[in-house]
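Take a look at the structure below.
Since every read-out is calculated from the coordinates, none of them should be taken as a lab result. Keep in mind that this is a model prediction, so the values were computed, not measured. All Cβ positions, glycine included, derive from the backbone under ideal geometry; neighbour counts span all protein chains shown.
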Amino acid sequence: MEQAGTGVKRVRDACADNGNKVDFRFTDAFWITMHSKENASNKVPDKVPNKVPDKVPDNLTENQQKILKLVAQNKTVSMSKMAKNIGISKRKVLDNINKLKNYGLLKRIGPAKGGYWKVKSEK
């Protein structure tokens, strides 16, 4: 409890210690803007691509795992049937499908009507 209520000060101090700037703004919402001295675009390509593919399959949500299982059982399954089977909205199914596509685990072959899903195997 001794650190309760000190979050803003601790963030400001940590940024100052690292030579970065942070701005807090209170309007209809609470806004935090952090400014780094270093160019982040120089660091991201070196670190992210090698780490992300190894971690993604372990971090799949239960719904994403269910979607992959449904597709493996029936490659022509519709998003409506996925939603009904899993118990979530079609919008949530679409969000999860897009994440699975970004992870490189799911691909749509052909058009929305008449096409099918393909589960990509892990490398």
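For every other residue with a beta carbon closer than 11 angstrom to the beta carbon of Arg12, add +1 if it is Lys or Arg and -1 if Asp or Glu, then tell me the sum.
Numbers: positive: Lys9, Arg10, Lys21; negative: Asp13, Asp17, Asp23.
For residues surrounding Arg12, the net value is 0.
Quick check: net charge around Gly87, other residues with Cβ under 13 Å of its Cβ, Lys/Arg +1 and Asp/Glu -1? Please report the intermediate quantities before stating the final value.
Numbers: positive: Lys66, Lys81, Lys84, Lys90, Lys92; negative: Glu62.
Neighbour charge sum, excluding Gly87 itself: +4.
By per-residue mean of other Cβ atoms within 10 Å, what is the highest-first order of 91-99, 24-32, 69-77, 10-18?
Output ranking for 91-99, 24-32, 69-77, 10-18: 91-99, 69-77, 10-18, 24-32.
Which cross-chain or sequence-distant (5 or more) residues have an amide H under 5 Å from the amide H of Val22, H modelled 1.01 Å from N in plane?
His35
What is the sum of charges around Lys21, taking Lys and Arg as +1, Asp and Glu as -1, for the other residues whose C-beta is under 11 Å from the C-beta of Lys21? Don't jump to the answer; show the numbers that get you there.
Working: positive: Arg12, Lys37; negative: Asp23.
Residues close to Lys21 contribute a combined charge of +1.
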